[in-house]
C-alpha cells in the first residue's frame, strides 16, 4: 500500500471535522465528528481527543502532576505517533488471534502503580481526577503485552546465539574496558524527517523540564522512548563514545559532569541523554582458580610422583587423598596480584590445566594447578548473561523492524 500523509493541523485547535470512517458505534462517530480526526490508520480513526488523552497520560506517568496546556501541546506529536504504532501493532496481532486477558492488563497497571507507590485502583482514580480516561492506559498496556507476546512467539525460538557471537562480544567488552567509559541513560523520540524533528524538539524540552523537576527518568524512558533500552528504563550501561552516534558522542565528551544533556538531534530523531557516571580505563586484572598441592614431608620426589598421576584439575583432590603426606587446597577466583610477585610469576607462566614449578612453603614443598584464568574477569558478565542480553537485543531489533515494515505497508493519513 501507499502511505498518504496530509499536513498536520495544530493540535490545540478543536476542529469540527467529519471524515468517512467506520467507527465501532454511533456514539464513537458523534464523538469523533465533534472532536475531529487526527489520523486514520488502515481505516481506523484516531481522534484529537485520543491524542490529548494520551499526551496527558504520558506527562502524568512521568511525574507531571498538573500538565499545562502548553506541555500537552508540546508532546502531542509523540502521543500521536504512539497511538499510530499501537493501531498497527493491534492490527498485526489480530491476524494471529493473540488475545490479552483483562487480568494481565490489570497486573500491568498494578505494576506501573507500584513503581509510584500506589495501588492500581488509586492510579486509575488519579488519572480520572486529572482528566485522563484510564482506558487510554489500559489500551496502551494491551498493545504492549500483545505485541511482545507475538514477537516472542514468532521469533523467540528462532534466535540462536552462537559461542562465536559471545566471544566477539567479550572481546568488545575487553576492548571497551581499556577506554574511558560513561554510564548513560537514553530517551529516544523517533523523528525521521525535518517536520517531525521540528515537533519532537519542543517535546524533548518539555520532557527535560519535567525530569529537572523530579520526574523519574526510568519511568519516562519506559513510557515514551522508542529505543530498545526503553524496557530497561533507558539504561545503556557503561559505554565508550565509540559506541555512540557522533552527535551524541560529542555531547557526552563535552559534558562537565553527571546530569541531563540538552536534546541531541540525530538522523533518525531526538535523544535525551542522562550522564550517570564516568570511569577511566582500569589496569588489566587476571583472576584465576587454583588447586594447591602441598607435600608436607618436604620431599620433591613426593610431588613429582603425584604430578605424574594428575591429568587435570579434577584429579588433584583424589591424588592428595591417596597419601597422608599430600594435602590439596582450593583457591578460587583470586586476583593474581594477591599472590605476591613470586606467586604471580609462577601462575602466569603455567598453562591452564597445568602445574606451576615446584616452590617452597612453610610446611614443605608445593605446586599449584591453574584451573581457570580470565583477564579482566571482574568487569565482564558471564557467558550465559551475555547470551541472554544478545538474544533480547536481537528480538528488540526484529520487533523494531516489524513495526517499521508495518508503517511502510499501512495507509496512514494525518489530518
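What follows is calculated from the coordinates using simple rules that are stated; it is not laboratory data. Keep in mind that what you see is a predicted model, and the values were worked out from it rather than measured. Because the Cβ atoms are built from the backbone with ideal geometry, glycine has one as well, and the counts that use them run over all protein chains shown.
A few comments on the model shown:
- The largest-to-smallest principal axis extents of the Cα set in region 120-187 are 53, 35, 16 Å.
- Exposure proxy ranking, count of Cβ atoms within 10 Å, fewest first, for 124, 401, 327: 401, 327, 124
- log10 of Debye I(q)/I(0), alpha-carbon scatterers only, for region 230-349 at 0.11 Å⁻¹: -0.62
- Helix 194-212 axis, angle to the chain major axis (alpha carbon atoms, nearest 10°): 70 degrees
- Here the Kirkwood formula, the inverse mean of 1/r across different C-alpha pairs, assigns region 26-156 a hydrodynamic radius of 15.7 Å.
- Calculated Rg and Dmax of region 179-280 using C-alpha coordinates, Å: 12.7, 40
- Estimated FRET transfer efficiency when R0 is 35 angstrom, pair residue 180-residue 110 (beta carbons, to 0.05): 0.25
- Least to most buried among 170, 184 (fewest other Cβ within 10 Å first): 170, 184
- Over region 286-375, the fraction of Cα-Cα pairs per 10 Å bin, rounded to whole percents and listed from the shortest bin up, is 18, 55, 25, 1.
- Sorted ascending by nearby beta carbons within 10 Å, beginning with the fewest, 342, 394 become 342, 394.
- Distance between region 223-258 and region 178-219 - C-alpha centres, whole angstrom: 10 Å
- With semi-axes defined as the square roots of five times the eigenvalues of the C-alpha gyration tensor, the equivalent ellipsoid of the chain measures 59, 23, 19 Å, largest first.
- Helix-only mean residue ellipticity at 222 nm for the chain, each DSSP H run of n ≥ 4 adding -39500 (n - 2.57), per residue, nearest 500: -15500 deg cm²/dmol
- In region 259-305, the convex hull through the Cα atoms has an average projected area of 8.3 nm², a quarter of its surface area.
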